[in-house]
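Participant: Please see the structure below; I have some questions.
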Amino acid sequence: MKEISSVGVALDHSARMERYYRLHAKIYDATRWSFLFGRKTIIQQVAAITQPVTILEIGCGTGKNLLTLAQTFPQAQLIGLDISESMLRIAAKNLGARLGSVELLHRAYDRPLYPEPRFDLILCSYSLSMINPDWQKIIEYAKADLNPGGFMAVVDFHDSTVPLFKQWMRVNHVRMEGHLLPALANTFQPQHLETPPAYGGLWKYFLFIGANG
Ligand SMILES: C[S@@+](CC[C@H](N)C(=O)[O-])C[C@H]1O[C@@H](n2cnc3c(N)ncnc32)[C@H](O)[C@@H]1O
């Protein structure tokens, strides 16, 4: 169902995201540490498996993961892509001097970035659960952008047994129905997969690393 703006116009995904993040970008870094778990861990887990040289983050938001990636893989070429200008503005500030070596792209991931595969690693951190209904297409585009033998790393919400909580997350544009992990495990060869509980089991999140085989 399409969200309707205050002037009665149906909002597409891009407009919905920008409307949401125009406000949330300002409080994002101060608040998200308390519930977007596993973001540093997934990058450490990738580093234990591979040393990527070309890296894309889809939905890079305020650039927190790009900073961690730059520190973990200092030789890598990094691209962060996001549909929200408000989030990218904060990312540019957060990256500061590193902005010279990290490319930020303002666009939707609505097709592969290049005609040929180019990335050793693609990271989706809490972005796939927000890309509705097109999350499955994003997985396909990422597969097309990944080099053979490259890795797809995803950390995101998995599921909750509490309907009210899921509904609240829906209001915040997050779909949390255990739908991502099976699709990822069918598309990439799983190298690492876990579903830790958050807040005593109010929800589970997942960390997935898969090889493009
Ligand atoms: C919850 S934030 C995650 C940001 C960051 N990856 C992190 O871990 O903090 C989700 C991000 O995905 C972006 N996003 C949503 N749909 C997108 C799309 N179709 N293409 C690119 N970015 C998108 C949003 O603008 C937002 O910045």
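The values are calculated or read from the model by the stated rules, or taken from the named source; none is laboratory data. Keep in mind that this is a model prediction, so the values were computed, not measured. For neighbour counting, all protein chains shown are included, and Cβ atoms are generated from backbone atoms with ideal geometry for every residue, glycine included. Heavy atoms of the whole protein, side chains included, go into the accessibility calculation; ligands, DNA and RNA do not. Shrake-Rupley method; radii C 1.70, N 1.55, O 1.52, S 1.80 Å.
Participant: Between Rg and the Kirkwood Rh of the chain, both from Cα atoms, what is the Rg to Rh ratio?
Facilitator: Answer for the chain: 0.94.
Participant: Please report, in debye to the nearest 20, how large the charge dipole of the range 114-155 is about its Cα centre when each Lys and Arg carries +1 at its beta carbon and each Asp and Glu carries -1 there.
Facilitator: About 60 debye.
Participant: Please give the per residue accessible area of the range 75-213, computed with a probe of 1.4 Å over protein heavy atoms only, in Å².
Facilitator: 47 Å²
Participant: Helix by helix through the chain, keep the DSSP H runs that span 24 Å or more along the axis on Cα and average at least 1.0 on Kyte-Doolittle, and give those back in order.
Facilitator: Working: long enough: 13-31 (25 Å, -1.08).
In the chain, no H run is both long and hydrophobic enough.
Participant: Same structure again: What percent antiparallel are the DSSP beta bridges of the chain, to the nearest 5?
Facilitator: Of all bridge pairs located within the chain, approximately 45 percent are antiparallel.
Participant: Now for a different question. What's the extension gain from THR31 to THR195 if we count 0.36 nm per residue and subtract their Cα-Cα distance?
Facilitator: Result: 56.8 nm gained on full extension.
Participant: Under a point spin-label approximation (7 Å from Cα along Cα-to-Cβ), what is the ARG98-ALA48 distance to one decimal in nm?
Facilitator: Modelled inter-label distance: 2.2 nm.
Participant: Here is a follow-up. Based on the mean of other Cβ atoms within 10 Å per residue, sort peptides 53-63, 198-208 so the most packed one is first.
Facilitator: Numbers: 53-63: 24.5, 198-208: 16.4.
So the order, starting with the most tightly packed, is 53-63, 198-208.
Participant: Could you tally the net charge around MET176, taking each other residue with its Cβ under 11 Å from the Cβ of MET176, Lys/Arg +1 and Asp/Glu -1?
Facilitator: Computed value for this residue: +1.
Participant: Once you place label points 7 Å from the Cα toward the Cβ at GLN75 and ASP134, how far apart are they in nm?
Facilitator: Calculated label separation equals 3.5 nm.
Participant: So what is the relative contact order for the chain, in percent, with contacts set as C-alpha pairs under 8 Å and at least six apart?
Facilitator: Relative contact order, the chain: 18 percent.
Participant: Now a separate question. For GLU85 and ASN172, FRET efficiency with R0 = 22 Å and r from the beta-carbon atoms, rounded to 0.05? Intermediate results must be reported in sequence, preceding the final value.
Facilitator: Details: r = 19 Å, r/R0 = 0.88.
About 0.70, to the nearest 0.05.
Participant: Considering the dipole of the chain built from charges on the beta carbon (Lys and Arg +1, Asp and Glu -1) around the Cα centre, which of THR195, GLN44, TRP33 is farthest to its positive end?
Facilitator: TRP33
Participant: Right, here's the next one. Around MET87, under 14 Å between beta carbons, what's the net of Lys plus Arg minus Asp minus Glu among the other residues?
Facilitator: +4
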